[in-house]
């Protein structure tokens, strides 16, 4: 079962609509569905909220440390509430998957993603769940940093929005620990419809704070 749902991104209005913030979009959508208000908690350097299911709290977390230091927030909350890594799900942008697709994965490497890299370091393990939200690849490695820190095209926004909508429908399976059913729901593709993209990058629950530019070397 998943007790901690994490979305990765960079804080501040300058970044809220960029591809790298797909994880933030996902947690905002989940918070809206659960009617959860996310509030800044300086103890965890994050926007945090929770909901109650079956007598147990499920936490939502958006690190406000900038991408490269995301693990500090994740590890701090996980340690405080005694949540083991295998009960953590991290939603993040994924270059190796096309926009409109999403994949559920347990464990494995960080593939150069700086947010995952820091989570690996801070948790001391790679044994946690990831929700990989496809953003597509620019085709040239030298363009990756520019790509993830730019807004997606309208078509890609529609695809990402639909992947978020579809994966949110698996939340009850994730809570229950029924990962096989969650995988079926998340991996099943349906035709992209452009109207789904209208709120992507401008989530109603987001209250961005400006900050210094992220120390970003790769993605």
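Just so you know, all these numbers are worked out from the coordinates, no wet-lab data involved. Please read all numbers here as calculations on a predicted model, not as lab measurements. Glycine gets a Cβ as well: all are built from the backbone with ideal geometry, and neighbour counts include every protein chain shown.
Going highest first, how would you order 97-107, 16-26, 35-45, 143-153 by mean Cβ packing within 10 Å?
16-26, 97-107, 143-153, 35-45
Rounded to the nearest 0.05, what FRET efficiency do residue 189 and residue 110 have when you use their Cβ-Cβ distance and R0 = 22 Å? List each step's numbers first, then the result.
On the way: r = 25 Å, r/R0 = 1.16.
Efficiency at R0 = 22 Å is approximately 0.30.
Name the shape class, rounded, prolate or oblate, that the alpha-carbon gyration tensor gives for segment 16-159, where a ≥ b ≥ c are the square roots of its eigenvalues, rounded holds for a/c under 1.5, and otherwise prolate holds if a/b is larger than b/c and oblate otherwise.
Values: a/c = 1.78, a/b = 1.43, b/c = 1.25.
Verdict is prolate for segment 16-159.
Shape of segment 94-168 from its Cα gyration tensor (a ≥ b ≥ c, root eigenvalues): rounded if a/c is under 1.5, otherwise prolate when a/b > b/c, or oblate?
Oblate, because a/c is 1.5 or more while a/b does not exceed b/c.
Rounded to the nearest 500, what is the chain's calculated 222 nm mean residue ellipticity when only DSSP H runs of at least 4 contribute -39500 (n - 2.57) each, over all residues?
On the way: 7 runs with 69 residues, N = 219.
Here the helix-only value at 222 nm equals -9000 deg cm²/dmol.
Indicate the gyration tensor shape class of segment 124-182 (rounded, prolate or oblate), computed on the Cα atoms with a ≥ b ≥ c the square roots of the eigenvalues: a/c under 1.5 is rounded; otherwise a/b larger than b/c is prolate and the rest oblate.
Values: a/c = 3.61, a/b = 1.58, b/c = 2.28.
Judged from the Cα gyration tensor, segment 124-182 comes out oblate (a/c at least 1.5, b/c at or above a/b).
If each residue of separation counts as 0.36 nm, what is the full-extension length gain between residue 98 and residue 142 once their alpha-carbon separation is subtracted?
Length gained, residue 98 through residue 142: 14.0 nm.
Give the distance, in whole Å, between the Cα centre of segment 3-42 and the Cα centre of segment 158-177.
One Cα centre to the other: 14 Å.
Compute the distance in nm between two label points, each set 7 Å from the Cα along the Cα-to-Cβ direction, one at residue 52 and one at residue 126.
3.9 nm
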